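In what follows, a structure is listed as structure tokens, so that the remarks can point back to it.
The values are calculated or read from the model by the stated rules, or taken from the named source; none is laboratory data. None of these values were measured; they are calculated from a predicted model. Cβ placement follows ideal geometry from the backbone for every residue including glycine, while neighbour counts extend to all protein chains displayed.
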Amino acid sequence: MIGEEWESDWSLKSHLVASTRVSSALRRRQRIDDHTWFVANMTWERLGYRLGRQLIKAREDLKATSAMLENLYIQDNGKGTKFTEAYFDIQLELQELYYRENR
């Protein structure tokens, strides 16, 4: 994934190729540097909005997951008892043990 960020960055600069083809190396570097700073500033300006949207989505997911878990707690687990947090802890331990032993 690390290489993809650079490819994405250069794809944002692709429009500069034609306009800098007849420029000097110094002018070309300056244009690329200016564009890099512009993109960096835009990223910082939008960061609050993006984080806010992620927080809203995380809260929605938490609410939905909590509702599903509460619904599961009132159901029978097939052994004549209800699902509990302790039941899920035991299941998690058994699953981890199984994967450790069967690598």
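Annotation note: Cβ proximity below 8 Å between a residue of segment 37-49 that is of a type outside the set (F, W, Y) and a residue that is surrounded by 10 or more Cβ atoms within 10 Å (Cβ to Cβ) (sequence gap 6+ or interchain) occurs for V39/D9; V39/L12. If only residues of segment 86-103 that are loosely packed, with under 10 Cβ neighbours inside 10 Å and of a type outside the set (A, V, I, L, M, F, W, C) are counted, the one that is farthest from L72 (Cα to Cα) is R103. Considering segment 12-60, and only residues there that are surrounded by fewer than 10 Cβ atoms within 10 Å (Cβ to Cβ) and among the polar types (S, T, N, Q), the residue that is modelled with the lowest pLDDT turns out to be S14. Looking at the structure I just gave you, is T81 surrounded by 10 or more Cβ atoms within 10 Å (Cβ to Cβ) and of a type in the set (S, T, Y)? Answer is no for this residue.
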